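A.B. asks: The structure under discussion is supplied below as structure tokens; questions concerning it will follow.
The values are calculated or read from the model by the stated rules, or taken from the named source; none is laboratory data. Please read these numbers as outputs of a predicted model, since none were measured by experiment. FYI the Cβ positions are ideal-geometry reconstructions off the backbone, even for glycines, and counts take in every protein chain you see. The accessibility values were calculated without ligands, DNA or RNA, using every heavy atom of the protein model including side chains. Shrake-Rupley method; radii C 1.70, N 1.55, O 1.52, S 1.80 Å.
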Amino acid sequence: MSTTTTRFTNQEASCGRVVDGERFRDWDEECVLSDELFYDGGCRSIRHEYHDGSVSHNVVRHDGKVLEDELIGEQ
Ligand SMILES: [Zn+2]
């Protein structure tokens, strides 16, 4: 598993505020990709790509409300 962490600035969070935050990207040996954005203030945007080609996408606002929760390309 390899992980990269990147600090970003001035990105629009799930709630529409422009904030800084951190992005984590992980890959495991099966080529499953996690791409997670954690915005300052608490919003999160999380994307997982699976080796069968399906992709899940979750967007959670800083107050915990789930704005998006989907699985694309499920076999
Ligand atoms: Zn927010």
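A.B. asks: How large is ³J(HN,Hα), in whole Hz, for each residue of the stretch 34-43 in order, when computed from phi with the Karplus curve 6.51 cos²θ - 1.76 cosθ + 1.60 and θ = phi - 60°, using x for Gly and Pro?
C.D. replies: 10, 10, 10, 10, 10, 8, 4, x, x, 5
A.B. asks: Using only the heavy atoms of the protein chains and a 1.4 Å probe, how would L33, L71 rank by accessible area, largest first?
C.D. replies: Largest to smallest exposure gives the sequence L71, L33.
A.B. asks: Still on this structure, I have one more. Once you have a ≥ b ≥ c as the square roots of the Cα gyration tensor eigenvalues for the chain, tell me rounded if a/c is under 1.5, and otherwise prolate or oblate according to whether a/b is larger than b/c. Intermediate results must be reported in sequence, preceding the final value.
C.D. replies: Details: a/c = 3.09, a/b = 1.41, b/c = 2.18.
Oblate, because a/c is 1.5 or more while a/b does not exceed b/c.
A.B. asks: Place +1 on the Cβ of every Lys and Arg and -1 on the Cβ of every Asp and Glu in the stretch 7-75, take the dipole about the Cα centre, and give the residue among A13, H48, V32 whose Cα lies farthest towards its positive end.
C.D. replies: Checked the options; the winner is A13.
A.B. asks: Enumerate the amide H contacts of S54 below 5 Å, restricted to partners 5 or more residues apart or on another chain; note that Pro and chain-start residues carry no placed amide H.
C.D. replies: none
A.B. asks: A further question on this structure: Going by average Cβ neighbours within 10 Å, how do the peptides 23-29, 37-43, 11-17 rank, with the highest at the top? Walk me through the intermediate numbers first.
C.D. replies: On the way: 23-29: 13.4, 37-43: 18.4, 11-17: 15.1.
Packing proxy ranking, top to bottom: 37-43, 11-17, 23-29.
A.B. asks: Any idea what Rg and Dmax come out to for the stretch 2-45 if you just take the C-alpha atoms, in Å?
C.D. replies: That works out to 11.6, 36 Å for Rg and Dmax.
A.B. asks: Could you go through the stretch 52-62 in sequence order and give the Karplus-derived ³J(HN,Hα) for each residue, using 6.51 cos²θ - 1.76 cosθ + 1.60 with θ = phi - 60°, rounded to whole Hz, and x for Gly and Pro?
C.D. replies: The phi angles translate into 7, x, 7, 9, 10, 9, 10, 10, 10, 7, 4 Hz.
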